[in-house]
Amino acid sequence: MHRPTRPHSSLYLRSLLSIFVAAACTAAPGSSYSSGASNGMSATAGTQAQVARGRELVITHGCGDCHGGGANPAAFGWLDGVRDTIVQEFHIGPFVTRPKNLTPDNTTGTGRFSERQLFNALRYGLRPEETPDVHITSTVPGQGNFPLHPHYLAVPMPWPAFRHLPDQDLWAIAAYLKTGVKPVSHRVKDSDGPPDFWAGEYTVEKIGTRPAPPYPTANETGR
Amino acid sequence: MSRRLSLLSVLVLSASLLAPSAPRGPAVPRAGVVSSADTSKRGSVLVNISKVPKTVEVNLTAAVARMSLQPGVVSEVFAYNGRVPGPTLDVREGDQVIVHFRNDLPEPTTVHWHGIHLPFDSDGSPFHPIKPGETHTYIFTVRPGSAGTYWYHPHPDARTGFAIGKGLFGGIIIRSADDPLPASMPDKLLILSDNRFLADGTVDFPDPSSHHGAIDENNGREGPVLFVNGQVMPTIEIRSGEIQRWRIVNASAGRIYRLALAGQSVLQVGSDGGLFEKPVEVKDILLTTGERVELLVRGNGVPGTKTVLQNLPYDRYAPQTRPKDWQTIRDLLTLQTTNDAPVSSPVIPVTLRKVVPLDTTKVTAVRTVTFSQGLINGKTMDMARVDVSTHVGATEIWQIENIVGMDHPFHMHGFQFQVLDRDGVPEPYRAWKDMLNIPKHSTARIIVRYDDYPGKWMFHCHILDHEDHGMMGVLEVK
């Protein structure tokens, strides 16, 4: 059983395609990135140490600044999504985007998403709502389980920065969100967005490559 | 409630005056009163070639045809027996149905008998493709109690939206010997579809990798041209005071209709699997993809006046791909009151039939089915995988959760179910269903019993682009 093969013909996608090809080519083996569990599975799913590491990363990366609770896991509304529409909502051009409920509630949070879907969200920016629970091996749309029409997390979710974390750190974040946080039933209104699900905002020109270019770049001293 | 009573009183509901239904012959079209000005009836009925009692044997061919789907423009289409919609399969409870099907298309196809309880190998699911040039005989016996409105359409793997969009769909009417509604009541089958065309009249299927292809894949392919029985804005004639029975099928790929007859309410008497227990007065009706309703429509106008059946706005869409014109009200057909003198309305029975509730104390499994965008339980379909395994005789509750911001219509093959509740609100009346719209961010619970017919049955989102994308699962009944 396979889904239909879909040719890449539009200019729009051709340009996107070339960008991702470029990105894929730069992701050469032997990079300094820790590959972690490269089979796409969390090697140490749910261990206490993993959850603790995930918690540390969530706190230090400011997830709660947008998703609720700031840097304080004891705060009311910790990671359960927009409650203050003035402080927490974003107005991106004509669109309003809203940080979601990251607690593992089944219907309003991440409860029905797998850790791998959360990993794919952090690594590739792919919305778990539309991206299946699969191991992604390519960044070329339509190949290696990378969606033909990638639906990206709404701007300004900083996944282009978070994707540079090593695999095990992303798995740790996923493990913390799925098992370390209590589910809270809190529905966040759906974000608006362009019909390309922000693909135009996540080109290599705008977000760079992963891995990052070798040190030093023109901006860097090399020391 | 007051509105309901007012209409009920108009209809002079009285169980004691229930007219016995007249005996009817085998498989004949019952299109009701059709005059020259009534343009709603263009379809035909599959001709029964059997002389054996209680047997309906028909020939059905799917083939490429050149005809006009879009008014005034001839283009290449797919058609059943040269017609769009295909001829109606008109049968009675207890009939043995034998369909000699031939695939003259350039691609594999199947015929899925949507909503009908039948053996697995006659379901026409992706498990049983029929290659180009091949034939297949579908055989099933129409179960007593299943009288209602159904439809047939292709269900090949990953190509259903294309094949239906090219013109392959037709209606099925199952009649019962003891139909509680007056036999004299005009009975009309109205198949709703929409389509989109290129300038040369060909059906517009954009490259799936294009921007428009992506929009279609997300929304389900919609078109600006709305059809009733393959016609744009047909006219149905009704005599003042007359009551007609309308069987409405939504054969659209993605469009969910919110139907309303301007200026009046109607009585809904049935759904996918046949009649309700009692008529329900409604001002508008949500008709999701693949779903059917049976309505009683009264000629409320004075002679010579007309009204329209409209499609009212309904926001089924994700915010990112919601069409800009989604709030536009669209007319579907004209209901013309004839110049004839008014007639007195027939009596509508208070009670239509018994819909026996499935027994929740017999439930052997409670399952959760999570719909996200294009996915069921986070997966796309794999025909080599069994997603739900059960056995004949089991009764189950399925909790269907839609966790994303777009509606997804649920369809189960082979078995009619009953809705228990939606978002915890008990279903107000019992009905047999095979389609259930699961609105964005909502949960419904259904109960189903697998009476017989082991096999691998599909359950899926009936937005055709979604099911073709793989928003489908396999239910194995052993």
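Summary of computed values
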read-out	value
Karplus-derived 3J(HN,Hα), 6.51/-1.76/1.60, for each residue of the range B:432-449, Hz, glycine and proline x	8, 10, 10, 10, 8, 6, 10, x, 3, 6, 9, 9, 10, 10, 10, 10, 9, 10
Other-chain or far-sequence residues with amide H under 5 Å of B:E281's (modelled H)	B:Q268
For the range B:439-478: rounded, prolate or oblate by the Cα gyration tensor [a/c cutoff 1.5]	oblate
Cα-based shape type of the protein assembly as shown, given that a ≥ b ≥ c are square roots of the gyration tensor eigenvalues and the cut on a/c is 1.5	prolate
Shape category assigned to chain B from the gyration tensor of Cα positions, a/c cut at 1.5	rounded
Partner chain coverage, peptide B:438-444 - average Cβ within 10 angstrom	1
Rounded to 5, percent antiparallel among DSSP beta bridges of chain B	70
Fewest-first ranking of A:I59, B:I447, using other Cβ atoms within 10 Å as the exposure measure	A:I59, B:I447
Packing-based exposure ordering (other Cβ within 10 Å, fewest first) of B:M471, B:M383	B:M383, B:M471
Beta bridge orientation in the range B:185-262: antiparallel %, DSSP, nearest 5	50
Potential lengthening between A:D84 and A:R187 on full extension [0.36 nm per residue; Cα-Cα distance subtracted]	35.8 nm
Table column - 3J(HN,Hα) (Hz), the range B:87-100, Karplus curve with 6.51, -1.76, 1.60, x for Gly and Pro	x, 6, 8, 10, 9, 10, 3, x, 5, 8, 9, 10, 10, 8
³J(HN,Hα), Karplus 6.51/-1.76/1.60, whole Hz, each residue of the range B:419-430, x for Gly, Pro	8, 8, 7, 10, 6, x, 8, x, 4, x, 8, 7
Antiparallel content of DSSP bridges confined to the protein assembly as shown, in %, to 5	70
Ordering of B:162-168, B:306-312, A:156-162 by packing [mean C-beta count within 10 Å, highest first]	B:162-168, B:306-312, A:156-162
A:T179-A:H91 FRET efficiency (beta carbon distance; Förster radius 30 Å; 0.05 resolution)	0.30
Exposure proxy ranking, count of Cβ atoms within 10 Å, fewest first, for B:R92, B:R102	B:R102, B:R92
Sequence ranges B:337-343, B:243-249, ranked by mean other-Cβ count within 10 angstrom, highest first	B:243-249, B:337-343
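Rule-based calculations on the coordinates, nothing more; no lab input. All values derive from a computational prediction rather than experimental measurement. Cβ sites come from the backbone with ideal geometry, for glycine too, and all protein chains shown count toward neighbours.
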